[in-house]
Ligand code: NAD
């Protein structure tokens, strides 16, 4: 049986694998992944700190060259990377290519590092005095990533962390860890010096050791809300800069004037793509006024045409979910729904009889606060419909929800859409766009329980998060000038 290695000092490093990695399409164990001993984690952190002493002094053009080459290598190896993702995550190959493409955007953004790292300069702020600012790297950055985007989320972080002169230790999800090792190899092939990017496999205990480790300067985390909160609290208690992105419950509001075919297509794509295992997936369609019955009919008809199967079968619209436990949890929300007054319009739970971790598309009518299907992030192919009487009620529902990652509105009324974008307490908003993941030159992040810490991830906020500022005030006195002045420095 294969063991997935760490990637340390520019090469694969084998260790005894103890955690099983599954092929979700068959339900079989495909490999094992190691959990490092605490002494090994210390060694890795020491090695990373040593590597930073050199990497922090690398020139901007050196970093740019490496990132450009890395970008080309990702493109050249896209088929191979997508196959690795599909084999361990289960998503379709097309979807795996989609996440590679979105990750690439971040590498391309980081290639502009000479522009993004420009400081400011003010001449003659006082007589003979100039001021300039610059930003420097933090040191060793730890990246802790979730299973659902095994390449895109590491690229969200890695591209900008390396561009800014930091050294990276990536602790990928133990459920689909193989593609991270290939990222390390491709970075090395692109010219990244050994030790600047490490993949440390492991589990929750590994994360805790890193959060408390004095050799770590910053933590970028993406995952579920309870773990995000824990990572933020523990990391900051130990003096680290932390950004921790958590879970979501994303609402899509459909107003009475919307094109219901467009809205139904969007609900299907955003509700069931990647088996609903996206933090920006639509989980609740909020029907305002009397659109519900007609929209439910259109969504249900489209569900009947969906094909669920292995990710490497090109006819599959979506694949299995990540594990048997997760499948059973998803199914329980559907099975328990009628007891909470929710009607099950489409029930895909019969697919659990297949080998692998499959759940078919499910549509629930009547989800509302106080029901399990509404109160929890299901993270599966289950779309809920909530019925409200007015726009104000729709906004109140969204704003009362503890999550604030993404939301969308479907309407032809520009004024209502503009008002919506200002009314909701949510970080990313789509107007007739169901999955509004910002492009790489903006930053990604939710509000409320979807983000702990103030820094959104990637884009300009990513560059700010991975650097700290210095401001230098300079005076070159004339040789004959008197140097004695005990007063506080003044500009006027
Ligand atoms: P998870 O929280 O279970 O795991 C994320 C990472 O944390 C993994 O590397 C895991 O090893 C580690 N971890 C797990 N439990 C831990 C613990 N108790 N202590 C310390 N570390 C621990 O998340 P997941 O199931 O892999 O991913 C799905 C979740 O991620 C969903 O909630 C989804 O909404 C969220 N997510 C959020 C975003 C976003 O940008 N906000 C993006 C993708 C996924």
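Since every read-out is calculated from the coordinates, none of them should be taken as a lab result. Since this is a predicted model, take the numbers as computed values, not measurements. Using ideal geometry, Cβ is built from the backbone for each residue, glycine included, and neighbour counts are taken over all protein chains shown.
Ranked from highest to lowest mean number of other Cβ atoms within 10 Å per residue, what is the order of the peptides 34-45, 320-331, 124-135?
Numbers: 34-45: 17.1, 320-331: 20.3, 124-135: 13.2.
Ranking the peptides 34-45, 320-331, 124-135 by packing returns 320-331, 34-45, 124-135.
I need the semi-axes of the equivalent ellipsoid of the stretch 250-431: take the C-alpha gyration tensor, multiply each eigenvalue by 5, square-root it, list largest first in whole angstrom.
On the way: eigenvalues 142, 56, 46 Å².
Three semi-axes, in Å: 27, 17, 15.
Against the longest principal axis of the chain, how steep is helix 260-272, in degrees 0 to 90 to the nearest 10, with axes from Cα atoms?
70 degrees
Would you calculate, for the chain, the mean residue ellipticity at 222 nm contributed by helices, counting each DSSP H stretch of 4 or more residues as -39,500 (n - 2.57) and dividing by all residues, to the nearest 500?
-11500 deg cm²/dmol
Out of all DSSP beta bridges in the stretch 299-418, what portion is antiparallel? Express it as a percent rounded to 5. Please list the in-between numbers first.
On the way: 3 of 8 bridges.
Counting only bridges with both partners in the stretch 299-418, antiparallel ones make up about 40 percent.
Mind ranking 51-63, 374-386 by how tightly packed they are, going by the mean number of other C-beta atoms within 10 angstrom, highest first? All intermediate terms of the calculation are to be shown ahead of the outcome.
Working: 51-63: 15.4, 374-386: 23.0.
The packing order, highest mean first, is 374-386, 51-63.
Where the centroid of each part is defined by its Cα atoms, how far is the stretch 411-426 from the stretch 39-61 in Å?
Cα centres, the stretch 411-426 to the stretch 39-61: 47 Å.
Between the helical axis of 38-55 and the dominant principal axis of the chain, each derived from Cα atoms, what acute angle in degrees is found, rounded to the nearest 10?
50 degrees
Within 10 Å, count the other beta carbons around each residue, average over each peptide in 154-160, 206-212, and list them highest first.
Numbers: 154-160: 27.3, 206-212: 20.0.
Going from most to least packed, we get 154-160, 206-212.
Pairs of alpha-carbon atoms within less than 8 angstrom and 6+ residues apart define the contacts here; what relative contact order does the stretch 192-349 have, in percent? Before the final figure, lay out the partial values.
On the way: 177 pairs, mean separation 22.9, N = 158.
Relative CO of the stretch 192-349 lands at 15 percent.
Rounded, prolate or oblate: which fits the stretch 42-92, taking a ≥ b ≥ c as square roots of the Cα gyration tensor eigenvalues, rounded meaning a/c under 1.5, else prolate when a/b beats b/c? It would help to have the intermediate numbers written out before the result.
Numbers: a/c = 5.21, a/b = 1.56, b/c = 3.35.
Here the stretch 42-92 falls in the oblate category.
Taking only Cα atoms, what is the 0 to 90° angle, nearest 10, from helix 60-76's long axis to the longest principal axis of the chain?
The helix 60-76 is inclined about 20 degrees to the chain.
How high is the relative contact order of the chain, in percent, counting Cα pairs under 8 Å that sit 6 or more residues apart?
Working: 1125 pairs, mean separation 89.0, N = 492.
18 percent.
If you average the alpha carbon positions of the stretch 82-145 and of the stretch 221-280, how far apart do those two centres end up, in angstrom?
The stretch 82-145 and the stretch 221-280 have Cα centres spaced 21 Å from each other.
Relative contact order, percent, of the stretch 250-431 when contacts are C-alpha pairs under 8 Å separated by at least 6 residues?
Working: 354 pairs, mean separation 50.6, N = 182.
28 percent.
Which whole number in µm²/s is D for the chain by Stokes-Einstein, with the Kirkwood Rh taken over Cα pairs at 10 °C and 1.306 mPa s? Display every interim value, and only then the final one.
Details: Rh = 24.0 Å.
For these conditions, the coefficient is 66 µm²/s.
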